[in-house]
Amino acid sequence: MYASRSDRYLSATWWRKQPRAPRPQHKTVASGTCQRGEGLTSGAKRSSPWVKVRIVPRLPGFFRHFAPLIKAFALSGSSLSATHADELVQEVMLKVWQKAGGFNPEKAAASTWVYTIARNCRTDMFRRLQKFDTPLASDDFELESEEEESFIVLHTRRGSERVRELMGELPPDQAQILAKVYMEGKSHSEAAAELDLPLGTVKSRVRLAIQKLQALMEA
Amino acid sequence: MVKHHPPAEFLTEYAAGVLPVAQSACVAAHLSYCQRCRHIVERLEDIGGAHFEQLDPQPVGDSMLDRVLARLDDPEPLRYARNEASDDRLPGLLDRLINGDYADLAWKRVTQSLSISYLKTGDLEHEFALYRIAEGGKIPEHTHGGSEMTLVLSGGFSDEVGEYHPGDFIVREGWDKHTPVALEGEECICLAVLDAPLRFTRLRHRWLNPLIKLNAG
């Protein structure tokens with residue numbers, strides 16, 4: 001059985017059959033591949049033509065499932081206009097496409113993976129709109145993660161399913177704050193101001209929820 | 001082995017993408033040292049995934065699908081390659097900001113054993129700086145008006161509470177007084193993210209206070 005509706009779209013089909021694209025090794029980047037500036041390298045290696053043949057026919061199904069969720073994510077907290085929300089949907093979909101080779105369904109749930117991409121694109125879009133000048137894009141925060149032992153991978157995949165089960169069991173006051181923080185992109189103090197609660201209360205509700213999670217992970 | 005970790009609230013805000021960029025960079029740098037926290041962040045991101053999945057879907061027309069399909073062959077954005085000359089052990093993100101060797105940075109000498117180099121993250125509320133403490137050197141007793149995140153990058157230091165090594169993440173709030181001392185044998189380099197300038201408390205060093213401003217940006 002699938003852990004969720006989203007997983008059904010991605011299960012055991014095209015994501016898994018793709019060869020795991022080797023992670024770009026910084027040391028081996030030839031300076032000849034820099035086209036537009038010193039030190040820059042294209043991430044194009046990841047989507048080989050073969051991968052494209054497998055992905056393109058599946059994209060519409062994936063799009064119909066996720067695009068409405070990405071749009072809802074963009075509009076939650078009503079901070080982006082409808083035009084910008086549509087732009088975000090396109091950006092996220094293109095990123096999904098560019099990163100497809102790096103997705104490991106054994107390590108993360110599909111919905112989590114799409115969520116992290118949408119979160120990063122939204123952060124970058126906010127910064128662009130506010131003309132926030134930073135040398136860092138949210139992709140720079142991605143870790144150059146090492147290959148992990150398979151038992152750890154198994155463990156993390158199970159953990160991910162448990163987190164989802166737990167989310168349904170949280171008391172509404174804790175769930176409400178997590179939704180504000182995660183979906184509306186509010187910091188703890190912004191969430192406190194909006195809900196008219198003391199900051200300490202918000203922090204302790206988040207802490208309680210996380211403690212339950214931790215207990216589950218360690219169980 | 002990393003022993004000191006960010007509090008859960010920072011990891012949660014990090015996973016939700018709401019932490020200011022300077023603090024976020026400091027947490028990300030810690031993650032590159034710490035597998036424990038990486039796994040916690042993955043679980044915290046699952047909270048996001050679970051919420052995301054339950055959002056009320058908003059209608060998106062098929063014309064948008066066509067637009068996405070038409071853009072699939074757009075060139076992918078270029079990414080920075082790691083600086084070849086740089087220190088392998090340095091987290092990639094910091095490598096980007098430092099862009100070269102510690103020696104190439106502009107170091108501002110504060111006391112005989114302490115120099116500070118300010119890095120630009122664009123964060124207007126937080127200072128993002130490298131502290132370089134000579135081996136065995138002491139940072140005079142000080143407090144902060146706000147909060148301070150510290151990540152040890154090389155060498156190590158100790159203070160009233162404990163001893164810290166590369167990858168260790170320390171948070172100090174408000175008016176906690178502390179006197180960090182670098183361990184013997186190697187100079188200590190730390191990343192510090194502050195939202196208020198540090199304030200020396202001993203009479204002997206207080207004259208420095210007006211000279212130390214918050215270098216955010």
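Here, each number is a calculation from the coordinates, and none is a lab measurement. Owing to the predicted nature of the structure, the values given are computational and were not obtained by experimental measurement. Cβ coordinates were reconstructed from backbone atoms using ideal geometry, including for glycine residues, and neighbour counts include every protein chain displayed.
Taking 4.7 Å between C-beta atoms as the pairing limit, chain B has these partnerless cysteines: B:26, B:188, B:190. For chain B, a Gaussian network of Cα nodes joined below 10 Å ranks B:167, B:137, B:17 by mean-square fluctuation, and the top entry is B:17. The shape of region B:92-211 can be summarised by an equivalent ellipsoid whose semi-axes, obtained from the alpha carbon gyration tensor, come to 20, 17, 15 Å from longest to shortest.
Sorted from greatest to least, the principal axis extents spanned by the alpha carbons of region B:7-54 come out as 32, 22, 15 Å.
Using only side-chain charges placed at the Cβ, +1 for Lys and Arg and -1 for Asp and Glu, the dipole size of region B:8-71 relative to its Cα centre rounds to 320 debye. Of the two radii for region B:105-173, the radius of gyration is 0.93 times the Kirkwood radius, both from the alpha carbons; that is the Rg over Rh value. When chain B is treated as a Gaussian network with alpha carbon springs shorter than 10 Å, the biggest mean-square fluctuation among B:153, B:194, B:94 belongs to B:94. Summary of the geometry: region B:1-42 and region A:60-126, compared by the centres of their Cα atoms, lie 22 Å apart. In whole Å, what is the distance between the alpha-carbon centres of region B:91-109 and region B:52-70? After rounding, the separation between the Cα centres reads 42 Å.
What does the charge count around residue B:22 come to, taking other residues whose C-beta lies under 11 Å from its C-beta (Lys +1, Arg +1, Asp -1, Glu -1)? So the surrounding residues net to -3. For chain B, the alpha carbon convex hull comes to 157 Å³ per residue, rounded to a whole number. Taking the number of Cβ atoms within 10 Å of each Cβ as an exposure proxy, the fewest-first ranking of B:161, B:2 is B:161, B:2. Using just its DSSP H runs of length 4 or more, each adding -39500 (n - 2.57), chain B gives a mean residue ellipticity at 222 nm of -8000 deg cm²/dmol after division by all residues.
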